[in-house]
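One structure is given here, and the rest of the page talks about it.
The values are calculated or read from the model by the stated rules, or taken from the named source; none is laboratory data. Owing to the predicted nature of the structure, the values given are computational and were not obtained by experimental measurement. For neighbour counting, all protein chains shown are included, and Cβ atoms are generated from backbone atoms with ideal geometry for every residue, glycine included. Please note that ligands, DNA and RNA were not included when accessible areas were found on the heavy atoms of the full protein model with its side chains. Shrake-Rupley method; radii C 1.70, N 1.55, O 1.52, S 1.80 Å.
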Amino acid sequence: MTEAALECLLFIAGEPVALADLARALQSEEAEVEVALRSLQAGLTERGSGLQLLRIAGGWQLATRPEYAEVIGRLLTRGGSKLSRAAMETLAIIAYRQPITAPEMEAVRGVSVGSVLKTLLERKLIAEAGRKATLGRPMQYETTTDFLHYFGIAELAQLPTLEADAVPAAPVPAEVITDGRPLPEPPDA
Amino acid sequence: MNALTSASPETTAGRPPGPPAPQFHIPNFEGPLDLLLHLIRAHEVEISDIPIAEITQQYLAYMEMWEALDLTIAGEYVVIAATLIEIKSRMLLPQAPAVVGEDGEEEDPRAELVARLREYQIYKGTVETLRAWEELRRELFFRGALENADDYILPVPAGEANVQQLFQALNRLLAEAGVEDKPITSVTPRRRLSLRMKMAEIVRKLTHAGPEGMGFESLFVLPCPRYDIVLTFLALLELLRMQRVRADQTKLLEPIKVTLIPELQEGSPR
(Lines give C-alpha, C1' and ligand atoms only; values in the text may rest on other atoms or scores of the structure.)
Protein backbone atom coordinates (compact mmCIF):
# COMPACT_ATOMS: atom_id res chain seq x y z
CA MET A 1 0.00 0.00 0.00
CA THR A 2 1.64 3.17 -1.25
CA GLU A 3 0.31 5.47 1.46
CA ALA A 4 1.56 3.29 4.30
CA ALA A 5 4.96 2.99 2.61
CA LEU A 6 5.08 6.75 2.19
CA GLU A 7 4.24 7.19 5.85
CA CYS A 8 7.26 5.00 6.72
CA LEU A 9 9.58 6.91 4.44
CA LEU A 10 8.47 10.26 5.80
CA PHE A 11 8.74 9.01 9.37
CA ILE A 12 12.37 7.94 9.04
CA ALA A 13 13.58 10.92 7.01
CA GLY A 14 14.61 13.75 9.31
CA GLU A 15 14.21 16.34 6.60
CA PRO A 16 11.91 17.18 3.70
CA VAL A 17 12.05 14.43 1.07
CA ALA A 18 11.81 15.38 -2.59
CA LEU A 19 9.03 13.85 -4.65
CA ALA A 20 11.64 12.37 -7.00
CA ASP A 21 13.34 10.55 -4.11
CA LEU A 22 10.04 9.18 -2.82
CA ALA A 23 9.11 7.98 -6.30
CA ARG A 24 12.44 6.20 -6.67
CA ALA A 25 12.07 4.45 -3.34
CA LEU A 26 8.57 3.31 -4.22
CA GLN A 27 9.52 2.48 -7.80
CA SER A 28 6.56 4.32 -9.17
CA GLU A 29 5.72 7.43 -11.15
CA GLU A 30 5.99 10.84 -9.50
CA ALA A 31 2.42 11.70 -10.46
CA GLU A 32 1.16 8.55 -8.75
CA VAL A 33 3.19 9.25 -5.63
CA GLU A 34 1.86 12.78 -5.50
CA VAL A 35 -1.71 11.48 -5.53
CA ALA A 36 -0.81 9.09 -2.71
CA LEU A 37 0.80 11.93 -0.75
CA ARG A 38 -2.34 14.04 -1.05
CA SER A 39 -4.39 11.08 0.05
CA LEU A 40 -2.12 10.42 3.02
CA GLN A 41 -2.33 14.11 3.86
CA ALA A 42 -6.14 14.00 3.86
CA GLY A 43 -6.13 10.69 5.74
CA LEU A 44 -4.07 12.09 8.61
CA THR A 45 -6.57 14.91 9.02
CA GLU A 46 -9.57 12.60 8.85
CA ARG A 47 -8.35 10.26 11.52
CA GLY A 48 -7.52 13.21 13.79
CA SER A 49 -3.80 12.49 13.88
CA GLY A 50 -1.45 14.74 15.81
CA LEU A 51 0.73 14.79 12.73
CA GLN A 52 0.20 16.48 9.42
CA LEU A 53 1.92 16.16 6.07
CA LEU A 54 3.40 19.36 4.65
CA ARG A 55 4.94 20.36 1.38
CA ILE A 56 7.86 22.37 2.68
CA ALA A 57 11.33 23.45 1.54
CA GLY A 58 11.14 21.65 -1.78
CA GLY A 59 9.95 18.34 -0.37
CA TRP A 60 7.44 16.57 1.84
CA GLN A 61 7.73 16.22 5.59
CA LEU A 62 5.67 15.13 8.56
CA ALA A 63 5.09 17.78 11.22
CA THR A 64 3.07 18.14 14.36
CA ARG A 65 -0.19 20.03 14.17
CA PRO A 66 -0.07 23.62 15.42
CA GLU A 67 -2.74 23.07 18.10
CA TYR A 68 -0.37 20.77 19.98
CA ALA A 69 2.44 23.31 20.15
CA GLU A 70 1.55 24.13 23.75
CA VAL A 71 1.70 20.51 24.87
CA ILE A 72 5.02 20.04 23.12
CA GLY A 73 6.31 23.20 24.72
CA ARG A 74 5.65 21.68 28.14
CA LEU A 75 7.77 18.62 27.29
CA LEU A 76 10.58 20.22 25.33
CA THR A 77 12.43 23.44 25.92
CA ARG A 78 12.30 25.63 22.91
CA GLY A 79 15.61 26.77 21.52
CA GLY A 80 16.31 29.46 18.98
CA SER A 81 15.04 32.99 19.15
CA LYS A 82 12.96 34.80 16.60
CA LEU A 83 14.72 36.92 14.05
CA SER A 84 15.27 40.59 14.79
CA ARG A 85 13.61 43.22 12.64
CA ALA A 86 16.96 44.09 11.10
CA ALA A 87 17.49 40.42 10.22
CA MET A 88 13.96 40.16 8.77
CA GLU A 89 14.37 43.25 6.60
CA THR A 90 17.73 42.06 5.30
CA LEU A 91 16.39 38.56 4.68
CA ALA A 92 13.43 39.97 2.75
CA ILE A 93 15.77 41.97 0.51
CA ILE A 94 17.98 38.92 -0.10
CA ALA A 95 14.97 36.70 -0.81
CA TYR A 96 13.71 38.96 -3.58
CA ARG A 97 16.98 40.17 -5.03
CA GLN A 98 19.24 37.12 -4.76
CA PRO A 99 22.07 36.79 -5.47
CA ILE A 100 22.83 40.15 -3.89
CA THR A 101 25.93 41.73 -2.33
CA ALA A 102 26.15 43.45 1.06
CA PRO A 103 26.62 46.95 -0.45
CA GLU A 104 23.47 46.40 -2.53
CA MET A 105 21.52 45.48 0.60
CA GLU A 106 22.92 48.48 2.41
CA ALA A 107 21.81 50.74 -0.43
CA VAL A 108 18.22 49.61 0.17
CA ARG A 109 18.23 49.59 3.96
CA GLY A 110 20.36 52.69 4.50
CA VAL A 111 22.30 50.98 7.29
CA SER A 112 25.16 48.54 7.38
CA VAL A 113 24.28 44.84 7.31
CA GLY A 114 27.55 43.24 8.44
CA SER A 115 26.46 41.82 11.79
CA VAL A 116 23.03 40.86 10.48
CA LEU A 117 24.61 38.86 7.65
CA LYS A 118 26.75 37.03 10.18
CA THR A 119 23.67 36.01 12.16
CA LEU A 120 21.81 34.90 9.03
CA LEU A 121 24.82 32.87 7.86
CA GLU A 122 25.17 31.24 11.28
CA ARG A 123 21.51 30.29 11.24
CA LYS A 124 22.03 28.91 7.71
CA LEU A 125 19.15 31.00 6.37
CA ILE A 126 21.47 32.42 3.71
CA ALA A 127 24.61 31.15 2.01
CA GLU A 128 27.42 32.62 0.00
CA ALA A 129 26.69 32.52 -3.71
CA GLY A 130 29.97 33.32 -5.41
CA ARG A 131 31.57 36.68 -6.03
CA LYS A 132 30.14 39.34 -8.25
CA ALA A 133 32.30 40.23 -11.22
CA THR A 134 32.48 43.90 -10.36
CA LEU A 135 35.10 46.11 -8.77
CA GLY A 136 36.28 44.57 -5.50
CA ARG A 137 34.59 41.27 -6.34
CA PRO A 138 32.09 41.49 -3.46
CA MET A 139 30.54 38.27 -2.13
CA GLN A 140 26.95 37.61 -3.12
CA TYR A 141 24.37 35.93 -0.93
CA GLU A 142 21.27 33.81 -1.55
CA THR A 143 18.63 32.16 0.59
CA THR A 144 18.90 28.45 1.48
CA THR A 145 16.56 25.50 1.81
CA ASP A 146 16.61 26.22 5.55
CA PHE A 147 15.17 29.63 4.74
CA LEU A 148 12.16 27.98 3.09
CA HIS A 149 11.83 25.64 6.04
CA TYR A 150 12.10 28.45 8.58
CA PHE A 151 9.09 30.18 7.08
CA GLY A 152 7.20 26.99 6.33
CA ILE A 153 7.01 27.47 2.57
CA ALA A 154 7.76 25.01 -0.20
CA GLU A 155 9.41 27.32 -2.69
CA LEU A 156 10.45 30.92 -3.28
CA ALA A 157 7.57 31.44 -5.71
CA GLN A 158 5.27 31.51 -2.69
CA LEU A 159 6.74 34.77 -1.43
CA PRO A 160 4.20 37.58 -1.73
CA THR A 161 4.53 39.76 -4.81
CA LEU A 162 6.23 43.05 -4.16
CA GLU A 163 3.78 45.91 -4.33
CA ALA A 164 4.65 49.56 -4.33
CA ASP A 165 2.87 51.74 -1.78
CA ALA A 166 0.80 48.90 -0.44
CA VAL A 167 1.50 46.90 2.67
CA PRO A 168 0.55 43.39 1.57
CA ALA A 169 -1.71 41.45 3.87
CA ALA A 170 -0.11 38.33 5.25
CA PRO A 171 -1.37 35.37 3.24
CA VAL A 172 -1.01 32.03 4.93
CA PRO A 173 1.92 29.88 3.95
CA ALA A 174 0.64 27.11 1.76
CA GLU A 175 -0.74 24.11 3.59
CA VAL A 176 0.68 25.00 6.97
CA ILE A 177 -2.59 26.02 8.55
CA THR A 178 -5.05 24.52 6.12
CA ASP A 179 -5.67 21.33 8.04
CA GLY A 180 -3.73 19.51 5.40
CA ARG A 181 -6.19 20.29 2.68
CA PRO A 182 -4.33 20.81 -0.57
CA LEU A 183 -4.16 24.36 -1.80
CA PRO A 184 -4.07 25.25 -5.47
CA GLU A 185 -0.51 24.92 -6.70
CA PRO A 186 1.38 28.10 -7.45
CA PRO A 187 1.24 28.83 -11.18
CA ASP A 188 4.78 27.75 -11.94
CA ALA A 189 4.86 24.60 -9.84
CA MET B 1 21.92 50.65 15.00
CA ASN B 2 21.42 48.80 18.24
CA ALA B 3 22.65 51.79 20.17
CA LEU B 4 19.30 53.40 19.51
CA THR B 5 17.24 50.65 21.00
CA SER B 6 18.14 51.17 24.60
CA ALA B 7 18.31 54.25 26.76
CA SER B 8 21.63 55.21 28.25
CA PRO B 9 22.15 53.93 31.79
CA GLU B 10 22.44 57.51 33.02
CA THR B 11 18.75 58.13 32.43
CA THR B 12 17.72 55.36 34.79
CA ALA B 13 20.55 54.98 37.25
CA GLY B 14 20.69 56.84 40.52
CA ARG B 15 17.01 57.72 40.55
CA PRO B 16 15.69 58.22 44.09
CA PRO B 17 13.00 55.82 45.28
CA GLY B 18 9.51 57.20 45.08
CA PRO B 19 6.82 57.46 42.44
CA PRO B 20 7.55 55.39 39.35
CA ALA B 21 9.92 57.06 36.95
CA PRO B 22 8.31 58.66 33.94
CA GLN B 23 8.39 56.29 31.00
CA PHE B 24 10.15 57.49 27.91
CA HIS B 25 9.09 55.76 24.78
CA ILE B 26 11.96 55.81 22.34
CA PRO B 27 10.74 54.38 19.08
CA ASN B 28 12.97 51.72 17.71
CA PHE B 29 14.05 52.52 14.17
CA GLU B 30 15.90 50.27 11.77
CA GLY B 31 17.88 53.17 10.36
CA PRO B 32 17.38 56.63 8.91
CA LEU B 33 15.01 55.50 6.14
CA ASP B 34 12.80 53.83 8.74
CA LEU B 35 12.73 57.02 10.79
CA LEU B 36 11.85 59.07 7.70
CA LEU B 37 8.99 56.74 6.79
CA HIS B 38 7.72 57.04 10.36
CA LEU B 39 7.75 60.85 10.15
CA ILE B 40 6.09 60.86 6.73
CA ARG B 41 3.38 58.50 7.94
CA ALA B 42 2.73 60.80 10.91
CA HIS B 43 2.08 63.61 8.41
CA GLU B 44 -0.33 61.41 6.47
CA VAL B 45 1.11 62.44 3.12
CA GLU B 46 2.32 60.54 0.09
CA ILE B 47 6.01 59.67 0.01
CA SER B 48 6.33 61.65 -3.20
CA ASP B 49 4.97 64.73 -1.45
CA ILE B 50 7.34 65.07 1.51
CA PRO B 51 6.93 68.38 3.35
CA ILE B 52 10.68 68.66 3.40
CA ALA B 53 11.04 71.58 5.83
CA GLU B 54 8.90 70.01 8.56
CA ILE B 55 10.30 66.53 8.09
CA THR B 56 13.86 67.83 8.21
CA GLN B 57 13.11 69.73 11.39
CA GLN B 58 11.55 66.69 13.06
CA TYR B 59 14.31 64.41 11.87
CA LEU B 60 16.90 66.72 13.40
CA ALA B 61 14.82 66.91 16.57
CA TYR B 62 15.10 63.14 16.90
CA MET B 63 18.85 63.34 16.50
CA GLU B 64 19.01 66.05 19.15
CA MET B 65 16.93 63.96 21.50
CA TRP B 66 19.24 60.98 21.05
CA GLU B 67 22.20 63.22 21.62
CA ALA B 68 20.62 64.57 24.82
CA LEU B 69 20.10 60.98 25.96
CA ASP B 70 23.74 60.29 25.26
CA LEU B 71 22.94 57.69 22.62
CA THR B 72 25.42 57.04 19.89
CA ILE B 73 24.06 58.24 16.59
CA ALA B 74 25.02 55.96 13.76
CA GLY B 75 26.79 57.61 10.88
CA GLU B 76 24.00 56.63 8.49
CA TYR B 77 21.63 59.01 10.28
CA VAL B 78 24.03 61.88 9.74
CA VAL B 79 24.29 61.10 6.02
CA ILE B 80 20.53 61.27 5.56
CA ALA B 81 20.35 64.41 7.70
CA ALA B 82 22.83 66.05 5.36
CA THR B 83 20.79 64.87 2.36
CA LEU B 84 17.62 66.37 3.87
CA ILE B 85 19.29 69.70 4.52
CA GLU B 86 20.67 69.76 1.01
CA ILE B 87 17.25 69.05 -0.49
CA LYS B 88 15.70 71.70 1.72
CA SER B 89 18.16 74.34 0.62
CA ARG B 90 17.74 73.42 -3.04
CA MET B 91 13.99 73.76 -2.70
CA LEU B 92 14.42 77.23 -1.21
CA LEU B 93 15.98 78.32 -4.48
CA PRO B 94 13.05 78.01 -6.87
CA GLN B 95 14.79 79.58 -9.86
CA ALA B 96 18.03 77.73 -9.55
CA PRO B 97 19.00 76.80 -13.09
CA ALA B 98 20.87 73.76 -11.91
CA VAL B 99 17.71 71.82 -11.15
CA VAL B 100 16.69 71.47 -14.79
CA GLY B 101 17.05 67.88 -15.94
CA GLU B 102 18.38 66.68 -19.24
CA ASP B 103 14.94 66.50 -20.79
CA GLY B 104 14.38 70.15 -19.93
CA GLU B 105 11.77 69.38 -17.28
CA GLU B 106 12.24 70.61 -13.80
CA GLU B 107 13.67 67.95 -11.54
CA ASP B 108 12.29 67.50 -8.06
CA PRO B 109 15.27 67.62 -5.71
CA ARG B 110 13.44 65.07 -3.58
CA ALA B 111 13.21 62.50 -6.39
CA GLU B 112 16.22 60.39 -5.45
CA LEU B 113 15.30 60.22 -1.78
CA VAL B 114 11.69 59.40 -2.68
CA ALA B 115 12.86 56.51 -4.86
CA ARG B 116 14.99 55.14 -2.04
CA LEU B 117 12.15 55.44 0.46
CA ARG B 118 9.76 53.70 -1.93
CA GLU B 119 12.11 50.79 -2.47
CA TYR B 120 12.79 50.44 1.24
CA GLN B 121 9.06 50.55 2.00
CA ILE B 122 8.35 47.77 -0.49
CA TYR B 123 10.72 45.37 1.27
CA LYS B 124 9.63 46.54 4.69
CA GLY B 125 6.09 45.63 3.69
CA THR B 126 7.02 41.99 3.18
CA VAL B 127 8.52 41.74 6.67
CA GLU B 128 5.03 41.53 8.17
CA THR B 129 4.23 38.53 6.02
CA LEU B 130 7.51 36.82 6.89
CA ARG B 131 6.91 37.56 10.57
CA ALA B 132 3.45 35.97 10.40
CA TRP B 133 4.90 32.90 8.66
CA GLU B 134 7.65 32.65 11.24
CA GLU B 135 5.00 32.72 13.97
CA LEU B 136 2.94 29.95 12.35
CA ARG B 137 5.95 27.83 11.58
CA ARG B 138 7.14 28.02 15.19
CA GLU B 139 3.97 26.19 16.20
CA LEU B 140 5.11 23.18 14.19
CA PHE B 141 7.69 20.60 15.17
CA PHE B 142 9.60 18.16 13.04
CA ARG B 143 11.59 15.04 13.69
CA GLY B 144 15.30 15.67 13.62
CA ALA B 145 17.61 13.48 11.59
CA LEU B 146 18.08 10.03 13.07
CA GLU B 147 20.83 9.71 15.61
CA ASN B 148 23.13 6.70 15.52
CA ALA B 149 21.67 5.81 12.17
CA ASP B 150 24.89 4.74 10.54
CA ASP B 151 22.97 1.94 8.89
CA TYR B 152 21.22 4.40 6.65
CA ILE B 153 22.37 7.48 4.87
CA LEU B 154 19.72 9.72 3.42
CA PRO B 155 19.99 10.15 -0.31
CA VAL B 156 21.54 13.31 -1.62
CA PRO B 157 18.69 15.36 -3.06
CA ALA B 158 18.51 15.04 -6.81
CA GLY B 159 19.89 17.92 -8.84
CA GLU B 160 23.24 19.66 -8.69
CA ALA B 161 26.21 17.67 -7.54
CA ASN B 162 27.91 18.90 -4.40
CA VAL B 163 31.53 18.87 -3.32
CA GLN B 164 31.23 15.50 -1.54
CA GLN B 165 29.90 13.81 -4.65
CA LEU B 166 32.71 15.26 -6.72
CA PHE B 167 35.19 14.08 -4.11
CA GLN B 168 33.82 10.55 -4.22
CA ALA B 169 34.09 10.57 -7.98
CA LEU B 170 37.70 11.72 -7.72
CA ASN B 171 38.56 8.92 -5.30
CA ARG B 172 37.08 6.42 -7.71
CA LEU B 173 39.28 7.82 -10.45
CA LEU B 174 42.42 7.78 -8.32
CA ALA B 175 41.77 4.15 -7.48
CA GLU B 176 41.26 3.30 -11.14
CA ALA B 177 44.45 5.08 -12.16
CA GLY B 178 46.32 2.72 -9.84
CA VAL B 179 48.87 5.34 -8.99
CA GLU B 180 49.72 3.76 -5.66
CA ASP B 181 51.71 0.79 -6.96
CA LYS B 182 54.76 2.76 -7.99
CA PRO B 183 57.99 1.93 -6.16
CA ILE B 184 58.77 4.39 -3.43
CA THR B 185 62.06 5.31 -5.08
CA SER B 186 60.48 6.47 -8.31
CA VAL B 187 61.03 10.08 -9.30
CA THR B 188 58.12 12.23 -10.32
CA PRO B 189 59.38 14.92 -12.67
CA ARG B 190 58.00 18.39 -12.18
CA ARG B 191 55.57 19.02 -14.98
CA ARG B 192 55.29 22.34 -16.70
CA LEU B 193 51.50 22.47 -16.56
CA SER B 194 49.70 25.17 -14.69
CA LEU B 195 46.20 25.31 -13.27
CA ARG B 196 45.39 28.06 -15.73
CA MET B 197 46.41 25.87 -18.67
CA LYS B 198 44.35 23.00 -17.35
CA MET B 199 41.31 25.25 -16.92
CA ALA B 200 41.70 26.50 -20.48
CA GLU B 201 41.93 22.89 -21.64
CA ILE B 202 38.73 21.91 -19.84
CA VAL B 203 36.87 24.93 -21.20
CA ARG B 204 38.10 24.02 -24.69
CA LYS B 205 36.91 20.45 -24.31
CA LEU B 206 33.53 21.55 -22.98
CA THR B 207 33.10 24.17 -25.68
CA HIS B 208 33.70 21.43 -28.18
CA ALA B 209 31.20 19.16 -26.42
CA GLY B 210 28.51 21.86 -26.66
CA PRO B 211 25.32 21.96 -24.60
CA GLU B 212 25.41 18.18 -24.11
CA GLY B 213 28.42 18.53 -21.85
CA MET B 214 30.82 15.78 -20.88
CA GLY B 215 30.89 13.08 -18.27
CA PHE B 216 33.01 13.96 -15.26
CA GLU B 217 35.23 10.97 -15.86
CA SER B 218 35.84 11.64 -19.53
CA LEU B 219 37.55 14.90 -18.58
CA PHE B 220 40.40 12.76 -17.30
CA VAL B 221 42.53 11.02 -19.91
CA LEU B 222 43.56 7.78 -18.25
CA PRO B 223 46.07 6.45 -17.57
CA CYS B 224 47.84 9.56 -16.40
CA PRO B 225 49.97 10.57 -13.43
CA ARG B 226 48.25 11.47 -10.20
CA TYR B 227 49.49 15.03 -10.70
CA ASP B 228 47.28 15.36 -13.79
CA ILE B 229 44.25 13.97 -12.04
CA VAL B 230 44.63 16.34 -9.12
CA LEU B 231 45.29 19.29 -11.40
CA THR B 232 42.26 18.50 -13.53
CA PHE B 233 40.12 18.20 -10.42
CA LEU B 234 41.43 21.50 -9.03
CA ALA B 235 40.83 23.20 -12.36
CA LEU B 236 37.28 21.86 -12.37
CA LEU B 237 36.65 23.14 -8.83
CA GLU B 238 38.02 26.54 -9.79
CA LEU B 239 35.78 26.67 -12.86
CA LEU B 240 32.80 25.71 -10.69
CA ARG B 241 33.67 28.44 -8.24
CA MET B 242 33.92 30.96 -11.03
CA GLN B 243 30.57 29.67 -12.27
CA ARG B 244 32.04 28.97 -15.70
CA VAL B 245 30.85 25.35 -15.64
CA ARG B 246 28.16 23.42 -13.84
CA ALA B 247 28.11 19.85 -12.60
CA ASP B 248 24.84 17.96 -12.52
CA GLN B 249 23.83 14.53 -11.41
CA THR B 250 20.30 13.60 -12.36
CA LYS B 251 20.06 10.49 -10.23
CA LEU B 252 21.92 9.03 -7.31
CA LEU B 253 25.04 7.10 -8.37
CA GLU B 254 24.69 8.20 -11.95
CA PRO B 255 27.63 9.81 -13.77
CA ILE B 256 28.17 13.49 -13.06
CA LYS B 257 27.71 15.62 -16.14
CA VAL B 258 29.82 18.75 -16.61
CA THR B 259 28.60 21.53 -18.90
CA LEU B 260 29.89 24.94 -19.82
CA ILE B 261 27.82 27.89 -18.60
CA PRO B 262 27.37 30.40 -21.41
CA GLU B 263 29.03 33.68 -20.50
CA LEU B 264 26.50 36.09 -19.04
CA GLN B 265 26.29 39.63 -20.23
CA GLU B 266 27.50 42.01 -17.58
CA GLY B 267 24.59 43.60 -15.76
CA SER B 268 21.92 41.30 -17.13
CA PRO B 269 19.09 40.75 -14.65
CA ARG B 270 19.46 37.83 -12.26
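Laid out as a table, the results:
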quantity: Of all residues making up the range B:225-242, the number that are surrounded by 14 or more Cβ atoms within 10 Å (Cβ to Cβ) and not in a helix (DSSP H, G or I); calculated: 1
quantity: Selection status of A:E89, open to solvent by less than 20 Å² (accessible area, probe 1.4 Å) and among the acidic types (D, E); calculated: yes
quantity: Options A:Y68, A:Y96: the member that is aromatic (F, W, Y) and free of Cβ contacts under 8 Å to residues at least 40 places away in the same chain; calculated: A:Y68
quantity: Residue in the range B:8-26 that is surrounded by 12 or more Cβ atoms within 10 Å (Cβ to Cβ), at pLDDT 80 or above, hydroxyl-bearing (S, T, Y) and not in a loop (DSSP other than H, G, I, E, B) present; calculated: no
quantity: Criterion violated by A:Q41 - all others in (1) open to solvent by less than 10 Å² (accessible area, probe 1.4 Å); (2) within 9 Å of chain B (Cβ to nearest Cβ) satisfied; calculated: (2)
quantity: Looking only at the range A:1-32, and only at residues there that are away from chain B (no Cβ under 14 Å) and assigned to a helix (DSSP H, G or I), the one that is nearest to B:F142 (Cα to Cα); calculated: A:L6
quantity: Residues (at the interface with another protein chain (Cβ under 10 Å from one of its Cβ atoms) and either open to solvent by 60 Å² or more (accessible area, probe 1.4 Å) or under 17 Å from the mean Cα position of the chain (by Cα) (or both)) located in the range A:108-127; calculated: A:S115
quantity: Checklist (1) facing chain B (nearest Cβ under 10 Å); (2) part of a loop (DSSP other than H, G, I, E, B) applied to A:G136, failing item; calculated: (1)
quantity: Residues of the range B:42-80 satisfying the condition of being on the phi < 0 side of the Ramachandran plot and part of a loop (DSSP other than H, G, I, E, B); calculated: B:V45, B:E46, B:I50, B:P51, B:L69, B:L71, B:T72, B:I73, B:A74
